[in-house]
Amino acid sequence: MKNEYSIEGVKCGGCVAAVKEKLSKLDNVDNVEVNIQEKTVGVEGVASKEVLQAALAGTNFKIV
């Protein structure tokens, strides 16, 4: 299953890499794609939005 969410704080390639690294480490996440222009993150897997948000806690990134 693939879900797409809006994300705040992603401004450069380094931000994309940081988000992908954090979210890819989660159980139940198979793939992560971040689109800087559209400010979205696509996540393949069954991890909930709350789990994704928690994984980014303490960073400058926020799934909304």
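The values are calculated or read from the model by the stated rules, or taken from the named source; none is laboratory data. Please read all numbers here as calculations on a predicted model, not as lab measurements. Cβ sites come from the backbone with ideal geometry, for glycine too, and all protein chains shown count toward neighbours. These accessible areas exclude ligands, DNA and RNA; they are computed on the full protein's heavy atoms, side chains included. Shrake-Rupley method; radii C 1.70, N 1.55, O 1.52, S 1.80 Å.
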Among the residues of the range 4-19, which ones are closer than 16 Å to Q53 by Cβ and open to solvent by 50 Å² or more (accessible area, probe 1.4 Å)?
E4, S6, E8
Number of the exception - G42 against (1) out of contact with any helix residue (DSSP H, G or I) (no Cβ under 8 Å at 6 or more places or on another chain); (2) closer than 14 Å to K62 by Cα; (3) open to solvent by 30 Å² or more (accessible area, probe 1.4 Å)
(3)
Looking only at the range 1-46, count every residue that is at positive phi and small (G, A, S) and tell me the total.
2
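On the basis of being charged (D, E, K, R) and open to solvent by less than 70 Å² (accessible area, probe 1.4 Å), does K49 make the cut?
In short, yes.
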